[in-house]
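The values are calculated or read from the model by the stated rules, or taken from the named source; none is laboratory data. What you are looking at is a predicted structure, and each value in this text was computed from that prediction instead of being measured. Cβ: placed from backbone, ideal geometry, glycine included. Neighbour counts: every protein chain shown.
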Ligand code: DGY
C-alpha cells in the first residue's frame, strides 16, 4: 500500500509533486500553522510528516500516532521535535543541515553589520522626512573591520561567520563552544576559544549561533548583558529563547549595549512589545536562510529524507539515526 504522509506547511510545488510520486500526500492547502489539535487530526494514519520549526512534535503527539515512522524537519534546528521522545519510540527525525550554512552566515553577518552601522534606525529617520542636513556624528556607529567578533556556538554556521569576519573584514575572532575546534580549523581564522565570560567582556560584536535547548534557554539575560561593553552589539540568528527579550530591551533602552540585530524571537511570530519601541534594534522575521536557492534546497533535502526513510533507502541527514 502506498504510504500516506503529511506536508504540514506549503512548500515548492515541484517538491510536492516529487513526494506525490511516492506517497499519498495530504498537503496544507493554505499554509496556516496548524494548532496542536489540527496537527494531531492531520497526522491520523500518516507514516511520515514534513514539518518546519513551527510544528511541535512531542511524546503526546507520537503516542497519539504510533504508526508515525519519520518526521522530516525542513530546518537545521530541531528544537520543535522532542528527540528523546523520538528515540524512546524508535521514530526517526531528520533535519536540513549544510544546504543553508553559507546563506545563513551571509545573513548573520549582514544583520551584524546593519546593527553596527545603524542601517534600520537611519533608514526610518530618512523615510520619516527628518533628514535635513549632513552632520559629523549623525548615526555614527561601531566599527566592524578590525574589531573583535565574538561567536557563541561554533558549529557550521558559526565557523562560516568566523570566516567572513576573519578573512573578509580582518576581525579578531573569539568563540565559545562546548567543544574546542581542532587547532587546524582554528589556525586559518586565528580563532581563539575563550570562556563565556571572556567572550561577553571582549566581543565588540557578539553573534549567537548555538542550538536552542533547556541548557541554552536565556543564555543571554540581564547578567550576561551586564558583562558586555556598552559599545557592543548583539546579533541573534539562532533561536529566540536563547535571549531574554525583556532584559535585552531594557539594556538597549538604557544603552547598556549599543544595539542588537534579531532574526528570531521567543514566542515568534509574536515579538516582545518592548523591543518594538526601542530604536537601536534591527528586527527581521526569521529569514536568515531565506534565499530562493537555499529554501528550495531545504525543501528538497527534507523530501529526500522522507522518501528514503519510507522506501527503504538511507536518509541523508538523520538527527537520531
Ligand atoms: C533553521 O533551519 O533552523 C532555520 O532557523 C529555519 O527554521
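Filter segment 93-117 down to residues that are assigned to a loop (DSSP other than H, G, I, E, B) and in contact (Cβ under 8 Å) with a residue 60 or more places away in the chain and give me whichever is farthest from the ligand (Cβ to nearest atom). It would help to see each step written out before you state the result.
Keep residues of segment 93-117 that are assigned to a loop (DSSP other than H, G, I, E, B), which gives 95-100, 117.
Add one more test, that the residue is in contact (Cβ under 8 Å) with a residue 60 or more places away in the chain, and what stays is 95-100.
Details: 95: 7, 96: 6, 97: 8, 98: 11, 99: 9, 100: 6 Å.
Applying the filter and picking the extreme gives 98.
Restricting the search to segment 213-260, which residues are under 13 Å from the mean Cα position of the chain (by Cα) and under 19 Å from residue 147 (Cβ atoms)?
Listed by number, the residues that qualify are 235, 236, 237.
Can you give me the number of residues within segment 144-179 that are part of a loop (DSSP other than H, G, I, E, B) and either at pLDDT below 95 or surrounded by 14 or more Cβ atoms within 10 Å (Cβ to Cβ) (or both)? Talk me through it step by step, then tell me what you get.
So in segment 144-179, the residues part of a loop (DSSP other than H, G, I, E, B) come out as 144-147, 153-155, 170-171, 177-179.
Imposing the further condition that a residue be either at pLDDT below 95 or surrounded by 14 or more Cβ atoms within 10 Å (Cβ to Cβ) (or both) reduces the set to 144, 147, 153-155, 171, 177-179.
Qualifying residue count, segment 144-179: 9.
I'd like to check something: does segment 11-25 contain any residue that is over 24 Å from the mean Cα position of the chain (by Cα), modelled with pLDDT of 95 or more and part of a strand (DSSP E or B)? Give the steps one after another, and end with the answer.
Narrowing segment 11-25 to residues over 24 Å from the mean Cα position of the chain (by Cα): 13-14, 16-25.
Within this subset, residues satisfying the condition of being modelled with pLDDT of 95 or more are 13-14, 16-25.
Going one step further and asking which of them are part of a strand (DSSP E or B), we end up with 24-25.
Yes: segment 11-25 contains one or more residues that are over 24 Å from the mean Cα position of the chain (by Cα), modelled with pLDDT of 95 or more and part of a strand (DSSP E or B).
Only one of 98, 63, 82, 106 is within 21 Å of the chain's Cα centre (by Cα) and either surrounded by fewer than 15 Cβ atoms within 10 Å (Cβ to Cβ) or over 26 Å from residue 288 (Cα atoms) (or both). Can you tell me which?
On the way: 63 fails: within 21 Å of the chain's Cα centre (by Cα); 82 fails: either surrounded by fewer than 15 Cβ atoms within 10 Å (Cβ to Cβ) or over 26 Å from residue 288 (Cα atoms) (or both); 106 fails: either surrounded by fewer than 15 Cβ atoms within 10 Å (Cβ to Cβ) or over 26 Å from residue 288 (Cα atoms) (or both).
Just one listed residue meets the conditions, 98.
I need the full set of residues from segment 64-92 which are closer than 16 Å to residue 6 by Cα, assigned to a loop (DSSP other than H, G, I, E, B) and more than 16 Å from the ligand (Cβ to nearest atom), in order please.
65, 66, 67, 68, 69, 91
Restricting attention to segment 237-271, which residues are within 16 Å of the ligand (Cβ to nearest atom), surrounded by 23 or more Cβ atoms within 10 Å (Cβ to Cβ) and not in a loop (DSSP other than H, G, I, E, B)?
Across segment 237-271, the qualifying residues are 242, 243, 261, 262.
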